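What follows is one structure encoded as C-alpha cells, with my remarks underneath.
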Amino acid sequence: MKAITIKKTDINSLRDRAYKIACEHGFHDEELSNKHLLCLVVSELMEAVEADRKGKHADVALFKEWEGNNLPISEETRIRRFKQDFDEFLKGTVEEELADTAIRLLDLAGLRGITIEEFPEEMIYESAELCKRESFTENIYDISTLPSRYDGIYDFPTTINDMLFTVFGFAQYLNIDLMWHIEQKMKYNELRENKHGKRY
C-alpha cells in the first residue's frame, strides 16, 4: 500500500467527530485523568495483540461486497445490515482494534483541545520502515509505553500526536487502510448504546 499524507484538516475533522460521538455516548459525563484515558488507549492496543494472537483480520472485500448491495431497503434495514456486516467481517480484528486506538487518541485530543499536526507521506513511510525491525508485539509495546518514555521530556500534545502518528505508521507497515477502518468504526459507534454498554 502506498503511503498517504494525513492532512491536518482531515485528521482534526476526525478528532472533532470522535470527541462528539464520545460526548453523545456519555464517555465525558465526568472529568477523568489523562492516565485513565491513556489506559483505555493501551487497552485497545492489548486487544489488537489478542486479535493478532488469534489470527483475526478484517475481511474488507466481503464487507464492501455486502455493503455495496444497492437493493432498495429502508433506513432501519440499512442500519441493521451495516451492524451485522461490521460484526461479521470487521469486529474483533487487528484492524478494528488499531482503529479503536486511533479513535481513543483522537477523542482525547478533542477533549484536551489538542491540534493534530499533518502526517506527511514521507513521515508515515519512515515510521512504517522502522516497524520492520521488531515483531508485532514489540511494536505495540513501543506505542503503549510512549507516554511513560516521553514523561518529563515532551509536553502532552506532543505525546498524543506522536502516539497517533506511530499508530498510523504501524498500520501502514501492516498494509492497513487505517483511515477507512476509523470511518467504519465511527459509523458503528454512532449506533451503539450509552458508553457502549460499559461502566466507563
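The values are calculated or read from the model by the stated rules, or taken from the named source; none is laboratory data. Everything quoted here is computed from the prediction, not taken from an experiment. Cβ coordinates were reconstructed from backbone atoms using ideal geometry, including for glycine residues, and neighbour counts include every protein chain displayed.
Cβ-Cβ contacts under 7 Å between residues 6 or more apart (or on different chains), taken from a first residue in segment 10-38 that is in contact (Cβ under 8 Å) with a residue 40 or more places away in the chain to a second residue that is outside any helix (DSSP H, G or I), are listed as Ile11/Ile116; Asn12/Thr115; Asn12/Ile116; Arg15/Ile116; Ala22/His28; His25/Arg192. Among all residues of segment 22-34, there is none that is touching a Phe, Trp or Tyr at 6+ places or on another chain (Cβ under 9 Å), in a helix (DSSP H, G or I) and of a type in the set (Phe, Trp, Tyr).
Here Glu121, Glu88 are screened, and the one residue that is more than 30 Å from Leu191 (Cα to Cα) and either exposed (fewer than 14 other Cβ atoms within 10 Å of the Cβ) or free of Cβ contacts under 8 Å to residues at least 12 places away in the same chain (or both) is Glu121. Taking segment 36-70 as the range and being more than 21 Å from Glu97 (Cβ to Cβ) and part of a helix (DSSP H, G or I) as the test, the residues that pass are Glu65, Trp66. Has segment 129-150 got any residue that is surrounded by fewer than 18 Cβ atoms within 10 Å (Cβ to Cβ), farther than 21 Å from Glu47 by Cβ and of a type in the set (S, T, N, Q)? No, because not a single residue in segment 129-150 is surrounded by fewer than 18 Cβ atoms within 10 Å (Cβ to Cβ), farther than 21 Å from Glu47 by Cβ and of a type in the set (S, T, N, Q).
Among the residues of segment 78-103, which ones are at negative phi and outside any helix (DSSP H, G or I)? Write out each step before concluding.
Our first condition is that a residue be at negative phi; within segment 78-103, this holds for 78-91, 93-103.
Leu90, Lys91, Thr93, listed by residue number.
Considering segment 1-25, and only residues there that are of a type in the set (Gly, Ala, Ser) and modelled with pLDDT of 95 or more, the residue that is surrounded by the fewest Cβ atoms within 10 Å (Cβ to Cβ) turns out to be Ser13. Given Val49, Val41, which one is touching a Leu at 6+ places or on another chain (Cβ under 8 Å) and either more than 26 Å from Thr145 (Cα to Cα) or among the hydrophobic types (A, V, I, L, M, F, W, C) (or both)? Only one candidate qualifies: Val41.
Out of Val42, Val60, one residue alone is aliphatic (A, V, I, L, M) and under 20 Å from Lys198 (Cβ atoms). It is Val42.
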